[in-house]
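A.B. asks: Please find one structure pasted underneath; my questions will follow.
Values in this text are rule-based calculations from the coordinates and carry no lab data. It should be emphasised that the depicted structure is a prediction, and the values quoted were computed from it without experimental measurement. Neighbour counts are summed over all protein chains in view; Cβ atoms, including those assigned to glycine, are modelled from backbone coordinates with ideal geometry.
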Amino acid sequence: MTERKPTIFIVDDDPSVRESTELMLKSVGFNVKTFVSAQDFLNARFQEGPGCVVLDVRMPGMSGLELQEKLVSVKTPLPVIFITGHGTVPMSVRAMKAGAVDFLQKPFEEQDLLDAIQRAISQQRERKSKRDEADELRKRLKALTPREYEVFSLLVTGMANKEVAYELGTSERTVKAHRARVMEKMSARSFADLVRFAETLKTHSTDH
Amino acid sequence: MAIFRLIFPALLLLLLLQPLSAAEPRDAKRVLILYSEDEAHPAHEMTDQGIRAAFGSNKFFNVQLYTEYLDVSRFGEPSHARATADYLRGKYSGVEIHAIITVYPYALDFLLAERSTLFSEVPIIAAEITSRSYAENLERSPTRRFVTGTLIGDDITGLMDVALRLRPETRHVALVAGTAPNDAFSEEIFRSGLRPYAGRIDLIDLTKLSMEETLSRLRSLPSEALVLYSTIFKDGAGKAFVPREALLLISRAAAVPVFALYESYLGFGIVGGRMVSFHAQGKEAAGLALRIMRGEPPADITIGGDQGYVSAYDWRELKRWNISEADLPAGSQIRYRTPSFWEEYRGAILAGISFIIIETLLVISLFMSLHKRRRAESEIAATTLRYRTVADYTYDWEYWLAPDGTLNYVSPSCERITGYSAREFMDDPSLFLGTIVPEDRETWGRHHRDAHNQLNPGGIQFRIRTKGGETRWIDHVCTPVTDTQGKFLGVRASNRDISDRKKAEFEAQQHRDELAHVTRVAAMGELTSSIAHELNQPLAAIRNYANAAKRFLSQGEPGLSKARDALEGIIRDDRRAAELISGVRGLLKKEESCYRPVHVNSVIQEMLVFIRGDSVLEGLSIETDFAPVLPAVLGERVQLQQVLLNLMLNAVDAMNQSKPDLRKLVIKTENDEDRGVKVSVRDFGAGIDETHKDKLFEPFYTTKPVGMGMGLAISQRIISAHGGSIWAENNPGGGATFYFTLPASTESSGPHGA
């Protein structure tokens, strides 16, 4: 994917940390946007795009962890990197369980943040490509006839042609014919491809 | 006895008051009484009594009496009369006499003869004029102008009638009389008085005989005779007699009853009868004197008077002559009664009987009062014993301090508390103050003054040094004592030994201090971490700026202005960090926890004792449910108690809105299979909001309107330092339970640092 330059969103109530981080990330060449509170960030309603959120855990009003929870519920969430002046183990466990990329203690090493951002961006990119692939596959899936979809659904569970025929009350030959058409319509070069497609679709089905 | 003691003074008082109450202002009058015979003359004595009685009871004058006796029977010569007159003249020269009473004619004659120079113009009452002819002469005399008088009685008939009535058989009357002038006067009265009886009785003349002959004749008188005794001043032999004494001889000799005209002879051997009363004569004369002194001219008063008589009899003579009292005329007086034992001693007997009765009553009442007193005494003794027991067996040291500073009472319990005996305190009132430690004496002094000013000073606490040198705390309360009239009787005080309580309070305080210290330490731990957080902000910023500056500088010219921005940021945040550091005060000493094997049940029990009575826990019931056998855990008692206290205080806050019967805590200990001991604190409050459950143990997290939000964070820190864990759950039936576990000391290699 040819992609736009990623944007780093910094949410921190502490102006020093916010501004210094902004300046540092800009020196590296990132697009940077800063917000003084979680609510401020939510109000800005960012569309999806490459980038990540560098989030302070403890802030007045909505905390970083709460903001993270809200972001997770969005369709394609921005990855979150936590930075905290004073973290506890339960706090970090909770953050990581909710999908945080990293949990950094202030003062953090520049490289640790940059690595985390890098990881976040590639993670996001990977997720985006997966999601794009799933979208493509879903389009191809719509080209299947109902009978072909049934055959596809059963085949990817690991059933043999014969078993599928028995399940559907038809002949093995018919199943083989459907299978060839499914492979063609789904652009699968091998049955392994087909199984992987099914897996991708399954993973991203929650997005719908 | 008491009655007599009362009556006598009362009577005395009455007697004393009598003349006072009768004392009206009366004119003083002086009256001279001039008697013809001497003082021993019985008729004069009687007359004198009559006069004095009459004057004494008169209401007009205060009469002063002067008496003179001419003693004419022994000193009848004219020369003697003149000497007497001279004597009287001299004697009364300076004395004004307002009236003179002469008794018997001789005295009047004497006075009239000397009157020109003796008592001239003084009115005269001639009392007891013995003959009617004399009276008639006087009536015609020029002296009548200032003289009046009374006639002595001469009623022989009245006497004879009675005598004949008592002795109806009488045929003879023997008349006995002497030879003196007075004797002649009265003999004449008898002779003339007997004349009417001449035919009926025969007169035996025994007059002018010698005494011996008279007596001899009297002994031989016939039985139908009676004797009339006139007077014998002098017998036929010229021997002088006191008429009464002569009468005694005559009466003794006479074989028949003797009668006489004058009352003065009664008691000397005559039977009695209607007789001249000299007492009445005297009264009459005094009455005339009063009339004259009040202004009545003597001439206006007829000479004569009432000639008072009296009917009286000698009881002994009546018996002697067998005369029945019943035969006596009505109204007769009987004198000289020899009374029977009863009669004679009736008063004494009655008095004696009364005395015996009274004495008996007194003895009875004495016995009764003695019995009553004994009973009262035994009651008093019982009461005394009871109150003494109440006082002596008090646990506290009681005393009663009199207003003068001495001690009325000290309970024996003082010895238990002070080491000094009650006796030692009583003997030395200053000992009490001496036992008080010097630092507390001022407090005591203030209190003591208030107590003695009856200000109801309430109680104080002070320390004493016991006899054994030990210091004890005393809780002292006292109250002023007053009697029923409100008189101040001192101060009643009670002293309680509260040394143990003070010690416990002190220990509890120490424990609280320790808890507070732990809390402070933990709070400082939290503070330090906050400071670290605050400090990390500029540190993080500085590092960011430095990295940015380095990178901008490597870009050469175009990056310079941004590099400058970054450097300024570094300076700013460095200053911020410096300010933060300089603002930190009061660094903590590093605390080293001392872990020892402890028994959780006893740790909890100990804490419950310490917090008992804490106002925060008021109205709260705390139940414990301890596992009987628990492994020991390695830990710090005070820190663990701090955790429990925090949990309990949280629970109390959670139950603020609960109904009183739900304000309850259950503290439970149990074996935790793989972790050692599990302790839970269960409340019945509002429970925990599930969304806040994760944050409960975070520092500065709080749902309470007040409070730092440190309690549970500290508790968590402590428990995790002990190698245990702490968590909270909502109860199915409402309220929340906080749990924490502690590893058993045998299973655990020891706790790790936080």
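A.B. asks: Is the shape of the protein assembly as shown best called rounded, prolate or oblate, per the rule: a/c under 1.5 gives rounded, else a/b larger than b/c gives prolate, else oblate, with a ≥ b ≥ c the square roots of the Cα gyration tensor eigenvalues?
C.D. replies: Verdict is prolate for the protein assembly as shown.
A.B. asks: If I model the range B:173-316 as equal point scatterers sitting on the Cα atoms and use the Debye formula, what is log10 I(q)/I(0) at q = 0.11, 0.12, 0.13 Å⁻¹?
C.D. replies: Values returned for q = 0.11, 0.12, 0.13 Å⁻¹ are -0.47, -0.54, -0.62.
A.B. asks: Pulled fully out, how much extra length does the chain show between B:Asp440 and B:Ile571, if you take 0.36 nm times their separation in residues and subtract their Cα-Cα distance?
C.D. replies: Length gained, B:Asp440 through B:Ile571: 40.9 nm.
A.B. asks: Oh, and also: Which peptide among A:154-162, B:397-405 comes first, and what is the full order, when sorted by highest mean count of other Cβ atoms within 10 Å?
C.D. replies: B:397-405, A:154-162
A.B. asks: Another question about this same structure. Could you give the length gained by full extension between B:His599 and B:Ala381, i.e. 0.36 nm per residue of separation minus their alpha carbon distance, to one decimal place?
C.D. replies: 72.5 nm
A.B. asks: Along the range B:719-728, what does the Karplus equation 6.51 cos²θ - 1.76 cosθ + 1.60 (θ = phi - 60°) give for ³J(HN,Hα), rounded to whole Hz, x for Gly and Pro?
C.D. replies: These are the phi-based 3J(HN,Hα) values: 5, 5, 5, 7, x, x, 9, 9, 7, 10 Hz.
A.B. asks: What FRET efficiency comes out for the pair B:Thr394/B:Leu370, r = Cβ-Cβ distance, R0 = 25 Å, nearest 0.05?
C.D. replies: 0.10
A.B. asks: What is the P(r) of the range B:278-324, as percent of Cα-Cα pairs per 10 Å bin from 0?
C.D. replies: P(r) for the range B:278-324, in whole percents per bin: 22, 32, 18, 14, 12, 1.
A.B. asks: Using only atoms on other chains, find how many Cβ atoms lie within 10 Å of each Cβ of peptide A:22-34 and report the average.
C.D. replies: The per-residue average across the peptide is 4.
A.B. asks: Inside 10 Å of the C-beta atoms of B:566-576, what's the mean count of C-beta atoms belonging to other chains?
C.D. replies: 2
A.B. asks: Of A:Lys130/B:Lys550; A:Lys26/B:Lys693; A:Lys5/A:Lys97, which pairs sit farther than 32 Å apart, going by alpha carbon to alpha carbon?
C.D. replies: Check vs 32 Å cut-off fails for A:Lys130/B:Lys550; A:Lys26/B:Lys693.
A.B. asks: May I pose another question? Straight-line reach from B:Lys503: which aspartates and glutamates have a Cα under 14 Å away, not including same-chain ones fewer than 8 places off?
C.D. replies: Candidates past the 8-residue exclusion: B:Glu470, B:Asp475.
A.B. asks: Would you mind giving the mean number of other chain beta-carbons within 10 Å of the Cβ of each residue in A:8-20, as a whole number?
C.D. replies: 5
A.B. asks: Let me ask something else about it. List every residue whose amide H lies under 5 Å from the amide H of B:Thr102, counting only residues 5 or more places away in sequence or on a different chain, with H placed 1.01 Å from N in the peptide plane.
C.D. replies: For B:Thr102, the qualifying residues are B:Leu34, B:Ile125, B:Ala126, B:Ala127.
A.B. asks: Using per-residue counts of other Cβ atoms within 10 Å, averaged over each peptide, order B:387-393, B:714-720 from highest down.
C.D. replies: B:714-720, B:387-393
A.B. asks: Just tell me which aspartates and glutamates come within less than 18 Å, Cα to Cα, of A:Lys128; anything on the same chain fewer than 8 places away is out.
C.D. replies: Straight-distance partners of A:Lys128: A:Glu3, A:Glu48, A:Glu136, A:Glu199, A:Asp207.
A.B. asks: Something else: What order do you get for B:Glu136, B:Glu296, A:Glu19 when you list them from fewest to most C-beta neighbours inside 10 Å?
C.D. replies: The most exposed by this proxy come first: B:Glu136, B:Glu296, A:Glu19.
A.B. asks: Quick query: amide H of B:Val481 versus all other amide H atoms, modeled in the peptide plane; which residues come in under 5 Å with a sequence gap of 5 or more or a different chain?
C.D. replies: The list, which skips near neighbours in sequence, is B:Leu489, B:Gly490, B:Val491, B:Arg492.
A.B. asks: Arrange A:Arg45, A:Arg58, B:Arg195, B:Arg564 by Cβ neighbour counts within 10 Å, fewest through most, would you?
C.D. replies: Taking fewest neighbouring Cβ atoms as first place, the list is A:Arg45, B:Arg195, B:Arg564, A:Arg58.
A.B. asks: Near B:Lys668, which aspartates and glutamates are there with a Cα under 18 Å away, not counting those fewer than 8 places off in the same chain?
C.D. replies: The qualifying aspartates and glutamates are B:Glu606, B:Glu623, B:Asp625, B:Asp683, B:Glu729.
A.B. asks: When the Cα atoms of chain B are enclosed in a convex hull and the volume is divided per residue, what value in Å³ results?
C.D. replies: Roughly 425 Å³ of hull volume per residue.
A.B. asks: Counting only other residues whose beta carbon sits under 14 Å from that of B:Leu433, what net charge do I get with K and R as +1, D and E as -1?
C.D. replies: Cβ neighbours under 14 Å give a net charge of 0.
A.B. asks: Using the alpha carbons of the range B:394-497, what is the convex hull volume per residue in cubic angstrom, as a whole number?
C.D. replies: Cα-based convex hull of the range B:394-497, divided per residue, equals 89 Å³.
A.B. asks: Oh, and also: State whether the range A:7-129 is rounded, prolate or oblate according to the following rule on the C-alpha gyration tensor (a ≥ b ≥ c being the square roots of its eigenvalues): a/c under 1.5 gives rounded; otherwise a/b larger than b/c gives prolate, and the remaining case gives oblate.
C.D. replies: The shape class here is rounded.
A.B. asks: Turning to a different aspect of this structure: Which order do the peptides B:96-109, B:266-279, A:109-122 take when ranked by the mean count of other beta-carbon atoms within 10 Å per residue, highest first?
C.D. replies: Highest to lowest by the protection proxy: B:266-279, B:96-109, A:109-122.
A.B. asks: Also: Would you list B:His44, B:His371 from fewest to most Cβ contacts within 10 Å?
C.D. replies: Starting with the residue having the fewest Cβ neighbours, the order is B:His371, B:His44.
A.B. asks: Could you derive backbone 3J(HN,Hα) for the range B:28-36 from the dihedral phi with the Karplus parameters 6.51, -1.76 and 1.60 (θ = phi - 60°), listing whole Hz in sequence and x where the residue is Gly or Pro?
C.D. replies: 7, 10, 10, 10, 9, 10, 10, 8, 6
A.B. asks: Add +1 for every Lys or Arg and -1 for every Asp or Glu among the other residues with Cβ under 14 Å from the Cβ of B:Arg446, and state the total.
C.D. replies: For residues surrounding B:Arg446, the net value is -2.
A.B. asks: What is the set of long-range amide H partners of B:Tyr309 at a cut-off below 5 Å, with H atoms built 1.01 Å from backbone N?
C.D. replies: Amide H neighbours of B:Tyr309: B:Ser277.
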